[in-house]
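To start, the structure itself, in structure tokens.
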Amino acid sequence: MEEILILLLVAGVSAYMAWRRRRRMRAAGMVEGGGSRAMPRLGRPGTITEAQWEELAENGFQPQKDWSEEEAQTVLDGLAYLRAAITQVTGESGAPVQVQNELLAMLLGDDELREMVSRWGRSRALPLRESAGFQRVRERIMAFWQPSDGPEPQAANDASPRQG
């Protein structure tokens, strides 16, 4: 009987620890809820740098001690990419946090887009290169976008004049 209680206790503690870890990762933006694809773990956990920690905090993230340097850099590159994409696609310099979070989740949760962002992050060249991945990001931005009182959002490669 005592062995069964110990086994149940160990199983319960293990389940609690797994649930708590997932909850912390979700709160930190490393995992999406609702069955969406999440960014896989990258690198060696616990190697996030102090500079990355500070930059993430400045951008409204709550980094975790178990983030790797690669994970933190991927999030930072993704954020920079989506902000550049929003500016390039809409001509505006910002978006509501909820829109940015949705776009970031899309970038980090998709293997192809995450790799595109990682490659871009090594140079951060502007303007963003037109590609199939960029087109997917552009479509998602436009699905969310509600232009301000300024001119209507214009795609980066749309050089046609607007009628007033």
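Each of Trp67, Trp53 was scored by other Cβ atoms within 10 Å of its Cβ. Arranged with the fewest first, they read Trp53, Trp67.
Could you compute the FRET efficiency for Ala132 and Val97, with r as their C-beta to C-beta distance and R0 at 45 Å, rounded to 0.05?
After rounding to 0.05, the efficiency reads 0.95.
What translational D, rounded to a whole number of µm²/s, comes out for the range 43-147 from Stokes-Einstein when the hydrodynamic radius is the Kirkwood one over Cα pairs, at 4 °C and 1.567 mPa s?
Details: Rh = 14.1 Å.
For the chosen part, D equals 92 µm²/s.
Values quoted throughout were computed directly from the atomic coordinates according to the rules given, and no laboratory measurement underlies them. Keep in mind that what you see is a predicted model, and the values were worked out from it rather than measured. Don't worry about glycine lacking a Cβ; one is built from the backbone with ideal geometry, like all the others, and counts go over all protein chains shown.
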